[in-house]
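One structure below.
The values are calculated or read from the model by the stated rules, or taken from the named source; none is laboratory data. All of these numbers come straight from a predicted model, not from anything done at the bench. Cβ atoms come from the backbone with ideal geometry, glycine included; neighbour counts cover every protein chain shown. For the accessible areas, the whole protein counts, side chains as well, though only heavy atoms, and no ligand, DNA or RNA atoms are used. Shrake-Rupley method; radii C 1.70, N 1.55, O 1.52, S 1.80 Å.
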Amino acid sequence: MTAPIAAIILAAGKGTRMQSDLHKVLHPVAGRAMLLHLAHSVAALDPDRTVVVVGAGRQQVEAAVAPLGIATAHQAEQLGTGHAVAQAQAALDGFDGDVLVLYGDVPLVSTATMQRMLDRLHGDDAPATVVLGFRPADPGAYGRILTQGDRIVKMVEFKDATAQERAQTLCNSGLMAARSADLFALLARVGNDNAAGEYYLPDVVMLAAADGRSSAVIETDAAEVAGVNSRAELAGIEAAWQAARRARAMAQGATLVAPETVWFAHDTQVGRDVVIEPNVVFGPGVQVADGVTIRAFSHLEGAVVGQGAEVGPYARLRPGAVLEPEAKVGNFVEVKNALIGRGAKANHLTYLGDAEIGAGANIGAGTITCNYNGYLKSRTQIGEGAFIGSNSALVAPVTIGAGAIVAAGSVITRDVEPDALAVARGTQEARPDWAPPFREKMAALKAKGKK
């Protein structure tokens with residue numbers, strides 16, 4: 001029988017190096033807060049309970065996790081990682097199972113790695129704890145792990161390590177798995193007799209060893225446990241996430257012409273045989289079907305793009321934009337909360353907001369759906385096969401019938417019947433031989449002005 005699972009996520013640090021009014025763990029990676037990346041990976045384990053330990057800026061963190069039903073525990077004083085984990089004990093009252101200890105500013109830890117930690121906890125040798133280790137290119141000031149096989153002989157913080165211990169390359173990520181009864185019983189015995197005067201979580205490993213119980217380490221790649229303490233490190237995490245996502249998109253059948261210039265969001269869905277040209281940015285909530293072409297310098301957010309459709313270059317799809325199969329929006333076209341029907345086209349210089357464009361309709365350059373009167377939004381309906389001439393303004397609410405034609409330069413304020421021609425513009429007037437005397441008059445005025 002699988003043991004129940006709980007997760008404790010530490011997010012009480014002040015994050016002063018971020019130089020931000022936003023809590024450190026709420027800074028986004030791929031459009032989603034770091035803390036929520038981690039919570040999403042934890043949720044895939046179907047835990048019985050998840051607790052976030054908060055401190056400075058707690059109101060921001062509590063508001064972020066409340067919609068997910070995640071509990072919080074308050075660490076009033078910053079007395080070390082062991083002290084932080086202990087603050088979650090009350091929130092886990094009555095829980096008897098496995099506990100994962102994670103960090104809100106270490107967002108890229110995968111569900112698979114968490115599961116490996118839990119699996120090792122239930123190995124035949126029944127380790128008291130399982131620690132996640134890694135080997136960075138520069139071990140720097142990380143705590144070190146000394147092992148025999150995968151059994152931990154000693155864990156030591158860098159500040160307290162000898163020169164020989166600092167020479168070891170296996171480092172402590174801080175992530176740990178333990179049974180709840182073991183974890184909190186060991187934490188109760190942790191002291192702060194060390195260089196920093198803090199209660200260190202890794203001390204539970206050595207306390208268990210003193211009781212005759214061994215602990216185990218499993219290793220992961222350094223990139224997976226990279227943490228964020230500064231804007232530069234945040235940029236590094238973003239770059240690592242994007243590189244992995246681009247590689248996955250190409251492995252699944254998408255063509256990225258210049259991969260390093262394409263930026264995905266955490267939930268971007270991209271189909272097969274999609275071509276994405278350089279400098280394309282995806283915000284959250286985008287679904288791209290098979291065979292789509294997204295041309296250079298386009299921005300998509302909250303949009304659905306149907307099979308075989310074409311977007312851009314220099315197009316912007318805002319939330320609520322839906323392109324049905326074979327539809328096309330071209331350069332400098334903006335679409336918001338609008339449906340572009342199958343095969344419909346808006347090739348350039350157009351704004352389509354709060355609208356429904358029928359299949360096969362053609363929207364001329366410079367067309368605007370005037371959807372907002374300063375107080376309320378209204379919709380524009382354009383029927384199948386309709387043709388909207390260039391530089392037209394459609395003042396919503398208005399309906400253009402199927403097959404209707406709107407003459408270029410028209411301002412349409414009333415519904416247009418199917419197959420009708422609508423012309424709404426001033427009458428053109430021509431005055432023969434008017435231009436020469438006008439030019440003479442202007443030239444004289446100009447000469448007089450110079451004098």
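Among the residues of the range 283-318, write down those that are open to solvent by less than 10 Å² (accessible area, probe 1.4 Å) and touching a Phe, Trp or Tyr at 6+ places or on another chain (Cβ under 8 Å). Once the filter is applied, which keeps residues that are open to solvent by less than 10 Å² (accessible area, probe 1.4 Å) and touching a Phe, Trp or Tyr at 6+ places or on another chain (Cβ under 8 Å), the range 283-318 yields S298, L300, G312, A315.
Name the pairs whose Cβ atoms lie under 8 Å apart, with the first residue in the range 238-261 and closer than 16 Å to D273 by Cβ, the second acidic (D, E) and at pLDDT 95 or above, and 6 or more positions between them or separate chains? Sorted first by the residue in the range 238-261, then by its partner, the pairs are G253/D273; A254/D273; T255/D273; V257/E277. It is to be established whether one or more residues within the range 185-196 are open to solvent by less than 70 Å² (accessible area, probe 1.4 Å), of a type outside the set (K, R), closer than 21 Å to T220 by Cα and out of contact with any Pro (no Cβ under 7 Å at 6 or more places or on another chain). No - not one qualifying residue is present in the range 185-196. With respect to the conditions (1) touching a strand residue (DSSP E or B) at 6+ places or on another chain (Cβ under 8 Å); (2) more than 30 Å from F282 (Cα to Cα); (3) acidic (D, E); (4) free of Cβ contacts under 8 Å to residues at least 24 places away in the same chain, D93 lacks only one, and its number is (1). Each residue in the range 220-229 was checked for being among the charged types (D, E, K, R) and closer than 17 Å to L100 by Cβ, and 1 pass. Checking F332 against (1) open to solvent by 50 Å² or more (accessible area, probe 1.4 Å); (2) in a strand (DSSP E or B); (3) within 23 Å of G385 (Cβ to Cβ); (4) not charged (D, E, K, R): exactly one of these is not met. Which one? (3) is the only condition that F332 fails. Of all residues in the range 226-266, exactly one satisfies the criterion of being part of a helix (DSSP H, G or I), β-branched (V, I, T) and either buried (at least 19 other Cβ atoms within 10 Å of the Cβ) or in contact with a Phe, Trp or Tyr (Cβ under 7 Å, 6 or more places away or on another chain) (or both), namely I237.
Filtered by the rule that a residue be open to solvent by 20 Å² or more (accessible area, probe 1.4 Å), assigned to a strand (DSSP E or B) and out of contact with any Lys or Arg (no Cβ under 7 Å at 6 or more places or on another chain), the range 335-346 gives N337, L339. Between A422, A447, A408, A396, the distinction of being more than 49 Å from the chain's Cα centre (by Cα) and at negative phi belongs to A447 only.
In the set D119, D160, D125, which member is open to solvent by 60 Å² or more (accessible area, probe 1.4 Å), more than 18 Å from L10 (Cβ to Cβ) and modelled with pLDDT under 90? Write out each step before concluding.
Values: D119 fails: modelled with pLDDT under 90; D125 fails: modelled with pLDDT under 90.
Matching residue, one of D119, D160, D125: D160.
Of all the residues in the range 189-219, those that are more than 20 Å from L100 (Cβ to Cβ) and hydrophobic (A, V, I, L, M, F, W, C) number 5.
Looking only at the range 393-417, count how many residues are open to solvent by 40 Å² or more (accessible area, probe 1.4 Å), of a type outside the set (A, V, I, L, M) and within 17 Å of A355 (Cα to Cα). So that I can check it myself, show each step before the final result.
Keep residues of the range 393-417 that are open to solvent by 40 Å² or more (accessible area, probe 1.4 Å), which gives 395, 397, 399, 402, 405, 408, 411, 413-415, 417.
Narrowing further to those that are of a type outside the set (A, V, I, L, M): 397, 399, 413-415, 417.
Now narrow it down to the ones that are within 17 Å of A355 (Cα to Cα): 397, 399, 413-415.
Residues that pass the stated criteria total 5.
Mind checking whether some residue in the range 57-79 is within 28 Å of E301 (Cβ to Cβ), touching a Lys or Arg at 6+ places or on another chain (Cβ under 9 Å) and not in a loop (DSSP other than H, G, I, E, B)? Scanning the range 57-79 turns up at least one residue that is within 28 Å of E301 (Cβ to Cβ), touching a Lys or Arg at 6+ places or on another chain (Cβ under 9 Å) and not in a loop (DSSP other than H, G, I, E, B).
A quick yes/no check of all residues on (1) buried (at least 17 other Cβ atoms within 10 Å of the Cβ); (2) without any contact (Cβ under 8 Å) to a residue 60 or more places away in the chain; (3) of a type in the set (F, W, Y):
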| position | (1), (2), (3) |
| --- | --- |
| P4 | no, no, no |
| G15 | yes, no, no |
| V25 | yes, no, no |
| L38 | yes, no, no |
| D46 | no, yes, no |
| V61 | yes, yes, no |
| G82 | yes, no, no |
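Can L170 be described as of a type in the set (A, V, I, L, M) and open to solvent by 20 Å² or more (accessible area, probe 1.4 Å)?
On the way: of a type in the set (A, V, I, L, M): yes; open to solvent by 20 Å² or more (accessible area, probe 1.4 Å): no.
Considered against the rule, which asks whether it is of a type in the set (A, V, I, L, M) and open to solvent by 20 Å² or more (accessible area, probe 1.4 Å), L170 comes out as no.
Screening the range 27-36 for residues that are farther than 16 Å from A66 by Cα and in contact (Cβ under 8 Å) with a residue 40 or more places away in the chain and picking the one that is most open to solvent (accessible area, probe 1.4 Å) gives G31. Regarding G143, is this residue within 13 Å of L175 (Cα to Cα), in contact with a Pro (Cβ under 8 Å, 6 or more places away or on another chain) and small (G, A, S)? Here the answer is yes, as G143 does meet what is asked.
Among the candidates G285, G302, G308, G320, the residue that is part of a loop (DSSP other than H, G, I, E, B), over 18 Å from M250 (Cβ atoms) and touching a residue at least 24 places away in the same chain (Cβ under 8 Å) is uniquely G285. Do the conditions hold for A181, that is, is it farther than 19 Å from F134 by Cα and either surrounded by fewer than 20 Cβ atoms within 10 Å (Cβ to Cβ) or among the polar types (S, T, N, Q) (or both)? When the stated conditions are applied, A181 passes them. Here is the figure for the range 362-392: residues that are surrounded by fewer than 17 Cβ atoms within 10 Å (Cβ to Cβ) and in a strand (DSSP E or B) total 2.
Just for the range 128-157: of the residues that are of a type in the set (D, E) and over 22 Å from D98 (Cβ atoms), which one is surrounded by the most Cβ atoms within 10 Å (Cβ to Cβ)? Here the answer is E157. Scanning the range 83-104 for residues that are over 16 Å from T72 (Cα atoms) and either of a type in the set (S, T, Y) or not in a loop (DSSP other than H, G, I, E, B) (or both) yields a count of 1.
If you go through the range 105-116 and keep only what is assigned to a loop (DSSP other than H, G, I, E, B) and surrounded by 17 or more Cβ atoms within 10 Å (Cβ to Cβ), you end up with D105, V106, P107, L108, V109.
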